[in-house]
């Protein structure tokens, strides 16, 4: 159990601007990870090994991309008991993201809205940070690296950015995620459409196979999709993933829907809504994907997990692994152990 209960620190953090609280927390973790002070938040990892996409995960609970965009807190976050950590989204060049304010809490709904816009320090800095992480991997933790495109890159040239990202992260990743579903980069979700997705994944898979052949290492590649897709769109995506031999899918990113938070402060802010309101939408996409993909293709379920029961629901919907992000903001590190323990009983 963490030395300092999250219930004592949450009021302090929730009294700040959300992005400031986020940066303050990450800064502290970055400074204190791998030191005796890590006991302030560290927890024993629940041991529940499972093999997915050829990788052995210590347990089925991971951190979703977006919290640690620059990969500078892998060891510190891993000490919370995660089986795997996904960092990014990283773009080839550093970029500031969208104008502030760009992150908003909706406590009544246990939700966040963000329109950060892939703010990150760029690929070189990201890789240097990932290479510095050591204790999490030494303990059997796996690291996923999430790649995207720069805002200034025209959508018709998006594949160029993804190929740069793939080339850069490949030697350092246990798995790679292709993020085509953030609502905060203009036109990015258009890459989920039939022809655009097929063209992008064909190029990425060809390059990945070349990298695997040259290195002798297999690195699974996942695609992260949105919850705002109808049944026909999910079916097309599933077919395109299988056609291109993609290893798995992450379902889902944030939603642009606002039905569940109407009337709440900040509900009409532009951006992606995460947390409790996206839970059912995410589960719906997971069920559709599992039906379309069959039993063989791995699915990582993410969206609205705030309890062990929520994590079990993702598995029951068809996911093989589960990620959290907003739940960690609202519930603290204890959620990692609770969710991992709940899945160990499934």
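A short reminder: the numbers here are calculations on the coordinates, not readings from a lab. What you see is a predicted model; the values in this text were computed from it and never measured. All Cβ positions, glycine included, derive from the backbone under ideal geometry; neighbour counts span all protein chains shown.
Of 71, 216, 122, the residue with the greatest mean-square motion in the GNM of the chain, using alpha carbon springs below 10 Å, is 216. For a test of the definition: using alpha carbon positions, the gyration tensor, and the 1.5 limit on a/c, classify region 1-83 as rounded, prolate or oblate. Verdict is prolate for region 1-83. Centre-to-centre, using Cα atoms only, region 158-210 and region 46-119 are separated by 18 Å. Where does the Debye-calculated log10 I(q)/I(0) of region 196-346 sit at q = 0.08, 0.17 Å⁻¹, using only Cα point scatterers of equal weight, no solvent? The calculated log intensity ratios at q = 0.08, 0.17 Å⁻¹ are -0.26, -1.00. The relative contact order of the chain comes to 17 percent, based on Cα pairs under 8 Å that sit 6 or more residues apart. For the chain, a Gaussian network of Cα nodes joined below 10 Å ranks 163, 13, 328 by mean-square fluctuation, and the top entry is 13.
Pick from 178, 130, 261 the residue whose mean-square fluctuation is largest in a GNM of the chain, springs joining Cα atoms under 10 Å. Top of the fluctuation ranking is 261. As a proxy for reagent exposure, ranking 256, 299 by other Cβ atoms within 10 Å from fewest up yields 256, 299. Taking other C-beta atoms within 10 angstrom as a stand-in for reagent exposure, 314, 262 fall in the order 262, 314, fewest first.
Each 10 Å bin, from zero up to the one with the longest distance, holds this percent of the alpha carbon pairs of the chain: 6, 28, 38, 24, 4, 0. By the helix-only formula, in which each DSSP H run with n ≥ 4 contributes -39500 (n - 2.57) and the sum is divided by residues, the chain has a 222 nm mean residue ellipticity of -11500 deg cm²/dmol.
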